[in-house]
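Notes follow once the structure below has been shown.
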Amino acid sequence: MDGRDLVRRVRLVGSVRGLRTVRSAWRRRAADAAALPARGAERARVPGVATGAEPGPGGGVVRFARSELRIRVSVGGAVFWAWDGAEPLPSYAVAGEAPAPDERAVLEPGKDGGWQVVAERLTVEVSRTGAVELRTPGGVLLRRELPPRWWEPEGDGPVRWVQRSEVPADARF
């Protein structure tokens, strides 16, 4: 958004049509919220601090205080990472069987209490708080995933969670 676009938007909201649009959006939001069941008390969670790791084929499992992260690098250079026991299949990204793990990829201690999986084509760094970074062998950042956050209801009910990713401005991922 540049300055001209900002001025156009401010003019639109300041007009009668813009006020009607905003009021309509508020009404739709209130109507949507009225039909939802009330969420009770929730407890916010994060994975916690890394407590250890267990090497495996093509990577391994990094354990945290309240969660675990499985990392697996395939022979072709594809990376699979998942929290709390999720498996590579079924997947919308993989047709057929899961690719074979790269036996040369190793899990080793990283910096500041984290862990890293070093493969021929990339390095997967896991911070001690659960952030995951994909880097080239030269150290260029390709993608950064912040630690997941989730909210557990104190009674029964579904768990809400959020995962946030960061990529460079010119990235194609």
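What the table shows:
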quantity	calculated
Extended-chain gain in nm, criterion 0.36 nm per residue less alpha-carbon gap, D32 and E120	26.7 nm
Choice from P37, P57, P90 showing the highest fluctuation, given a GNM over the chain with Cα pairs closer than 10 Å	P37
Amide H within-cut-off set for G114, under 5 Å, with H built and near neighbours excluded	R128
With all protein chains modelled, accessible area of R28 [1.4 Å, Å²]	140
Solvent-accessible surface (1.4 angstrom probe) belonging to S74, in square angstrom, nearest 10	10
Within-14-Å neighbourhood charge of V94 [Cβ basis; K, R +1; D, E -1]	-1
Accessible area in the full protein assembly, largest first, 1.4 Å probe, for F64, F80	F80, F64
Distance between modelled label sites at A44 and E108, nm, 7 Å Cα→Cβ extension	3.7
Rounded tilt (10° steps) of 16-35 against the dominant C-alpha axis of the chain	60
Within-14-Å neighbourhood charge of V75 [Cβ basis; K, R +1; D, E -1]	-1
Label point distance in nm, V162-T136, each placed 7 Å from Cα along Cα→Cβ	3.2
Candidates D156, D32, D112, ranked by Gaussian network fluctuation over the chain, Cα under 10 Å, top entry	D32
Accessible-area ranking of E68, E120, largest first, probe 1.4 Å	E120, E68
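The values are calculated or read from the model by the stated rules, or taken from the named source; none is laboratory data. Values in this document were obtained by computation on a predicted structure and should not be read as measured data. Here the Cβ is made from the backbone with ideal geometry for all residues, glycine too, and neighbour counts use every protein chain on show. Accessible surface areas use protein heavy atoms only, side chains included; no ligands, DNA or RNA. Shrake-Rupley method; radii C 1.70, N 1.55, O 1.52, S 1.80 Å.
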